[in-house]
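Below you'll find the structure, written out as structure tokens, and then a few comments.
Computed from the coordinates by the stated procedures, all read-outs in this text should not be read as laboratory data. For clarity, every value in this text was computed on a predicted model and none was experimentally measured. All Cβ positions, even for glycine, are placed from backbone atoms using ideal geometry, and neighbour counts span all protein chains on display.
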Amino acid sequence: MQHTSVLLKEVVNGFENLQNGGICVDCTIGGGGHTEGLILKYPNISVIGIDRDPQAIKIAGENLSRFGMRVRIFQRSFSDLDDLLDGLGIEKVDAILADLGLSSFQIDETERGFSFKKAGPLDMRMGLNGKSALDVVNNYSAEEIERVIRDFSEERFAKSIASSIIKKRPIMTTDELVKAIFSSLPSYAKKDWKKIVTRVFQAIRIEVNDELVNLEKLLEISKRRLKKGGRIAIISFHSLEDRIVKYAFKEKEFMPITKKPLIPGNDEINSNTRSRSAKLRISERV
Ligand SMILES: C[S@@+](CC[C@H](N)C(=O)[O-])C[C@H]1O[C@@H](n2cnc3c(N)ncnc32)[C@H](O)[C@@H]1O
């Protein structure tokens, strides 16, 4: 499925400082939709696009090829932004955008193991390297699995889910993991199994990809790499991410442009259900 960009108009309008041109870093280029919107609105900018996922790099490259050298795309984590900019000889930039989470094509591909709705191998890596969901589920101790589930999903059955996972190991596929989670639930909670499984999958994905650590690193890097008057916009999809962004934007380097996060209206949610939990916060470097 083609990825539909979330809060596109709000993101594009939020970077009004790009009116006269500048360098924009799209940290999560995905299918390239936000970058395309920005280039069309601000014809004098150039974009450095980043994604960890080789598939996103390919799709964004195809979708944005008509803009030529105005968009340069790199496969890496946005937590390495310092190194990337150093390598390009760029000291500071005018705009930084991160649209967190997954692209639709990542969720759709069974082989990547992101979705519990289809049986697939336990992977969940956005990039090619590092630990996978298979490692987390089969090699972590019960205490570690419980910590991952509790800290990253705030799921109240974390302890019993972790002990069920330990008993059922080895667990090789997404459907085996779903069964292990389901069987750990008390009967009164079984009717909520989909919500619970969604949360546990999200927690494992956060652990596999070090998502919160990378977000914190990006916010730290942004303080040094954004020009004065430059803007940063972050779209988050769950409360743990939003909390990190909210507190970072309270630091003295930033002046929030959005006092409250911008959220999609009913029309957007109806046409793209994935947008329903999105929150956009924008801040200016002072
Ligand atoms: C929601 S999608 C972005 C969609 C994009 N804004 C668009 O309009 O098409 C998020 C993307 O961020 C990438 N991603 C997540 N964490 C990353 C990280 N630490 N470094 C680089 N890319 C990351 C994912 O691989 C995914 O392609």
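Quick check: the angle from helix 54-63's long axis to the longest principal axis of the chain, C-alpha only, nearest 10 degrees?
Computed tilt is about 40 degrees.
Report, to the nearest 10°, how far helix 158-168 tilts away from the longest principal axis of the Cα atoms in the chain, using its own Cα long axis and a range of 0 to 90°.
Helix 158-168 and the main axis of the chain meet at about 60 degrees.
Roughly how many debye, to the nearest 20, is the charge dipole of the chain about its Cα centre, given +1 on each Lys and Arg Cβ, -1 on each Asp and Glu Cβ, and no other charges?
Once rounded to the nearest 20, the dipole reads 700 debye.
Determine the relative contact order of the chain: mean sequence separation of Cα pairs under 8 Å and six or more apart, normalised by residue count, in whole percent.
19 percent
Principal axis lengths of region 134-286 from Cα atoms, whole Å, largest first?
54, 36, 23
Give Lys58/Lys250; Lys9/Lys260; Lys194/Lys223 a once-over and call out the pairs whose C-alpha atoms are over 28 Å from each other.
Exceeds cut-off: Lys58/Lys250; Lys194/Lys223.
May I ask you to derive the FRET efficiency for Lys252 and Lys9 from their Cβ-Cβ distance with R0 = 35 Å, giving the value to the nearest 0.05?
For R0 = 35 Å, the calculated efficiency reads 0.70.
Could you work out the helix-only [θ] at 222 nm for the chain, with each DSSP H run of four or more residues adding -39,500 (n - 2.57) and the total divided by the number of residues, to the nearest 500 deg cm²/dmol?
Value at 222 nm, helices only: -13000 deg cm²/dmol.
May I ask what percent, to the nearest 5, of DSSP beta bridges between residues of the chain are antiparallel?
Taking every DSSP beta bridge within the chain, about 35 percent pair in antiparallel fashion.
I need to check one value: relative contact order of region 62-174, counting alpha carbon pairs closer than 8 Å and at least 6 residues apart, in percent.
Once divided by the residue count of region 62-174, the mean separation gives 18 percent.
Under a point-charge model restricted to the Cβ atoms of Lys and Arg (+1) and Asp and Glu (-1), what is the dipole moment magnitude of region 128-208 relative to its Cα centre, in debye to the nearest 20?
Using only the charged Cβ atoms, the result is roughly 320 debye.
Only four residue types carry charge here, +1 at the Cβ of Lys and Arg and -1 at the Cβ of Asp and Glu. Report the dipole size of region 1-124 about the Cα centre in Debye, rounded to the nearest 20.
Result for region 1-124 is approximately 360 debye, rounded to the nearest 20.
Can you give me the angle between helix 211-225 and the longest principal axis of the chain, using Cα atoms only, in degrees from 0 to 90, rounded to the nearest 10?
20 degrees
Using alpha-carbon positions, what is the distance between the centroids of region 1-58 and region 215-286, in Å?
Comparing the Cα centres of region 1-58 and region 215-286, I get a distance of 15 Å.
Provide the packing ranking of 179-187, 64-72, 156-164, i.e. peptides ordered by the mean count of other C-beta atoms within 10 Å per residue, highest first.
The most tightly packed comes first, giving 156-164, 179-187, 64-72.
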